[in-house]
1. When a/c is below 1.5 the answer is rounded, else prolate if a/b is larger than b/c, else oblate, so apply that to the range 75-124 with a ≥ b ≥ c taken from the square roots of the Cα gyration tensor eigenvalues.
2. Specify which labelled value, from (i) -0.27, -0.54, -1.33, -1.65; (ii) -0.41, -0.78, -1.28, -1.31; (iii) -0.29, -0.56, -1.17, -1.34, agrees with log10 I(q)/I(0) by the Debye sum over Cα atoms at q = 0.10, 0.14, 0.21, 0.23 Å⁻¹ derived from the coordinates of the model shown.
3. Among D52, D12, D36, whose mean-square fluctuation peaks in a Gaussian network model of the chain (Cα, cutoff 10 Å)?
4. Which ³J(HN,Hα) values in Hz, rounded to whole numbers, follow from the phi angles of the range 99-108 under the Karplus curve 6.51 cos²θ - 1.76 cosθ + 1.60, where θ = phi - 60° and Gly and Pro get x?
5. Report, in debye and to the nearest 20, how large the dipole of the chain comes out about its Cα centre when Lys and Arg carry +1 and Asp and Glu carry -1 on their Cβ.
6. Per residue, how much accessible surface does the chain expose to a 1.4 Å probe? Answer in Å², no decimals.
Amino acid sequence: MEEKKYTLLVADDEQVNFYLLEMWLKEKYNLAHVTDGTEVLFYLKKYPNQVDLIVMDLNMPILNGKATIAQLRKEGFTLPIIVQSAFILEEELEELKALGCDDVIEKPLHQKELEHLLVTILKK
């Protein structure tokens, strides 16, 4: 029997970051891309139960990563969220965890570290 191919929603306003993730992950995962938090909310409402995990940049236009996580949890979305950021302070990490973020990965991303994190979270 074929193993399930999980679907990741990548929320990042930098197209090049999505291309990198796509290059690394397209063999093992289905990928969808949005560029800000309002698009995350719209996508999840339009395609309920089709996303298994969100990989989200903190710094996005319109609705940033923190505000998006808060809104998702407020609306009852429970899917796992990995935040990616170039720089994160310890206090910010604690705030993200309190909001409902499952994990944080620092940019520049490393393929093996990201793949390990995805497998760990999706197997829960």
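1. oblate
2. Label of the calculated value: (i).
3. Sorting by GNM fluctuation, first place goes to D52.
4. After applying 6.51 cos²θ - 1.76 cosθ + 1.60, I find 6, x, 6, 7, 6, 10, 10, 8, 7, x Hz.
5. Using Cβ point charges on Lys, Arg, Asp and Glu, the chain gives about 540 debye.
6. 58 Å²
The values are calculated or read from the model by the stated rules, or taken from the named source; none is laboratory data. Bear in mind that the values here come from a model prediction, so they are computed numbers and not experimental data. Cβ coordinates were reconstructed from backbone atoms using ideal geometry, including for glycine residues, and neighbour counts include every protein chain displayed. The protein model used for the area step is the full one, side chains on, heavy atoms only, and it has no ligands, DNA or RNA in it. Shrake-Rupley method; radii C 1.70, N 1.55, O 1.52, S 1.80 Å.
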